[in-house]
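First comes the structure, then the notes that go with it.
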């Protein structure tokens, strides 16, 4: 293959492009809209674009925080958090939760969202979100570079111990309808998001299934 047809770079030396392409290539990515509460009862609600599910049984989800932010501090202190599905109708509210707030300010109130205490955890869920996962912390891992240098980035993993699903998202057979929830997904650059639709769906079965 002609090497001139490829843009090559080594991240430690910069990418040479207007914007870092990494988070546009690894995307779109689901959003970790994470609710937590401090030891003193102060609520926090923040979106993280490095988020995913990592295990079926037990279900384990996780998000990565660049910097020791309030969400990480709260979760390590209490051992609990709630993930809330970010949807197109809630996109603006979710985005408002990313604003830096003075200590003691409440993102639920800032974004005009209803906080409902979890069934199994002390953290609150977003009532307007159609899906919520109540989680208990399993691991908080400080990431390291290939040279073993510790990074100011923290991977928070939690076991899902309670699930709330809006019944309208389950069809007559009880199958969850992904597109019906209108999830939004983070892409590259400072502002890009995507939605999904049934028109874009295709099906593949693994060999042997």
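Annotation: of all residues in the stretch 126-143 being outside any loop (DSSP other than H, G, I, E, B), touching a residue at least 60 places away in the same chain (Cβ under 8 Å) and in contact with a helix residue (DSSP H, G or I) (Cβ under 8 Å, 6 or more places away or on another chain), the one that is nearest to residue 44 (Cα to Cα) is 126.
Mind checking which strands (runs of 3 or more DSSP E) fall wholly inside the stretch 31-120 and carry at least 2 residues that are surrounded by fewer than 20 Cβ atoms within 10 Å (Cβ to Cβ) and either in contact with a strand residue (DSSP E or B) (Cβ under 6 Å, 6 or more places away or on another chain) or modelled with pLDDT of 95 or more (or both)? Reasoning before the result, please.
On the way: elements: 32-37, 43-48, 51-55, 60-66, 80-84, 115-117.
By residue number, 51-55, 60-66, 115-117.
Of the residues 188, 195, the single one that is out of contact with any strand residue (DSSP E or B) (no Cβ under 7 Å at 6 or more places or on another chain), buried (at least 17 other Cβ atoms within 10 Å of the Cβ) and within 19 Å of residue 52 (Cβ to Cβ) is 188.
The values are calculated or read from the model by the stated rules, or taken from the named source; none is laboratory data. Please read these numbers as outputs of a predicted model, since none were measured by experiment. Every residue, glycine among them, receives a Cβ derived from its backbone with ideal geometry; neighbour counts consider all protein chains shown.
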